[in-house]
1. Any idea which of (1) surrounded by 12 or more Cβ atoms within 10 Å (Cβ to Cβ); (2) part of a helix (DSSP H, G or I); (3) touching a residue at least 40 places away in the same chain (Cβ under 8 Å) is the one residue 56 doesn't satisfy?
2. Output the residues belonging to segment 103-138 that are out of contact with any helix residue (DSSP H, G or I) (no Cβ under 9 Å at 6 or more places or on another chain), of a type outside the set (S, T, N, Q) and either farther than 18 Å from residue 20 by Cβ or modelled with pLDDT under 95 (or both).
3. Do we find that residue 79 is surrounded by fewer than 16 Cβ atoms within 10 Å (Cβ to Cβ) and touching a helix residue (DSSP H, G or I) at 6+ places or on another chain (Cβ under 7 Å) in this structure?
4. Quickly run through segment 38-47 and pick out the residues that are in a loop (DSSP other than H, G, I, E, B) and either in contact with a strand residue (DSSP E or B) (Cβ under 6 Å, 6 or more places away or on another chain) or β-branched (Val, Ile, Thr) (or both).
5. More than 26 Å from residue 10 (Cβ to Cβ) and in contact (Cβ under 8 Å) with a residue 60 or more places away in the chain: which single residue out of 68, 96, 89 fits that description?
6. Which of the numbered conditions does residue 49 fail, given that it passes all the others? Conditions: (1) farther than 17 Å from residue 147 by Cβ; (2) out of contact with any Gly (no Cβ under 7 Å at 6 or more places or on another chain); (3) not small (Gly, Ala, Ser).
7. Would it be correct to say that residue 123 is in contact with a Ser or Thr (Cβ under 6 Å, 6 or more places away or on another chain), crowded, with 18+ Cβ neighbours inside 10 Å and outside any helix (DSSP H, G or I)?
Amino acid sequence: MAKDEPTLELTPELILSAYAQGIFPMAESRDDDGLFWLDPEMRGVIPLDGFHISRSLRKDILRERYQIKVDTDFAGVIAGCADRDETWINGPIFNIYMDLFNAGYAHSVEVWDGSELVGGAYGVTLMGAFFGESMFSRRPNASKIALAYLVSRLNEGGFKLLDTQFITPHLASLGGIEIPRASYRRVLQDALTVEANFLRQPLTVSGRQVCT
């Protein structure tokens, strides 16, 4: 873990270059304008062929009580992810991911209850890799529903890697695992040779398709 050089300009190109090397940025807190780079010894990933949908989650998805949208409120998803007592998302992080979104590299999967954004997940695409940044939930299972739709979209789009950075009990319950840094880098390099398309899957997808 190393502090970022004060003179280093944070640009989309720098972020993408770091991701391609297996490195990602975080901030100490929302009130700290600095950032640091991480390259963990153990890396969290969700194998795209091993995502686990529990019986209760499957019921929630098939019920389709929420509307699932893509890239309609990217800023709202980041804000939702940052809306907690402690967060690594500060102003510079927020701004650079907005730049990545505007450049077509970052995407959000959103869970809507009518006109209210109640959950979602966002991350960055680079070739066949998706780097999941964060997710949030304001309704039971909303973030899990977003992740299920995200995994479906990544599989349809030809992606080979879903990087979650770290593993939490929440992610482990969905099939997330940890792999050593060297193994992660091999998987990453393979994914970076693959052309993938986040928007290949239609924007409207049924719950049944996601659960198949």
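1. With respect to (1) surrounded by 12 or more Cβ atoms within 10 Å (Cβ to Cβ); (2) part of a helix (DSSP H, G or I); (3) touching a residue at least 40 places away in the same chain (Cβ under 8 Å), residue 56 is out only on (1).
2. Of everything in segment 103-138, those that are out of contact with any helix residue (DSSP H, G or I) (no Cβ under 9 Å at 6 or more places or on another chain), of a type outside the set (S, T, N, Q) and either farther than 18 Å from residue 20 by Cβ or modelled with pLDDT under 95 (or both) turn out to be 112, 114, 116.
3. No, not satisfied.
4. So in segment 38-47, the residues in a loop (DSSP other than H, G, I, E, B) come out as 39-41, 46-47.
Listed by number, the list holds a single entry, 46.
5. Result: 68 is the single residue among 68, 96, 89 that is more than 26 Å from residue 10 (Cβ to Cβ) and in contact (Cβ under 8 Å) with a residue 60 or more places away in the chain.
6. (1)
7. no
Condition check ((1) closer than 21 Å to residue 196 by Cα; (2) modelled with pLDDT of 95 or more; (3) crowded, with 16+ Cβ neighbours inside 10 Å; (4) of a type in the set (Ser, Thr, Tyr)) across all residues:
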residue: 27; (1), (2), (3), (4): no, no, yes, no
residue: 70; (1), (2), (3), (4): yes, yes, yes, no
residue: 73; (1), (2), (3), (4): no, yes, no, no
residue: 94; (1), (2), (3), (4): no, no, yes, no
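The values are calculated or read from the model by the stated rules, or taken from the named source; none is laboratory data. None of the values given here were measured: they were computed from a predicted structure. Virtual Cβ from ideal backbone geometry, glycine too; neighbours counted across all protein chains shown.
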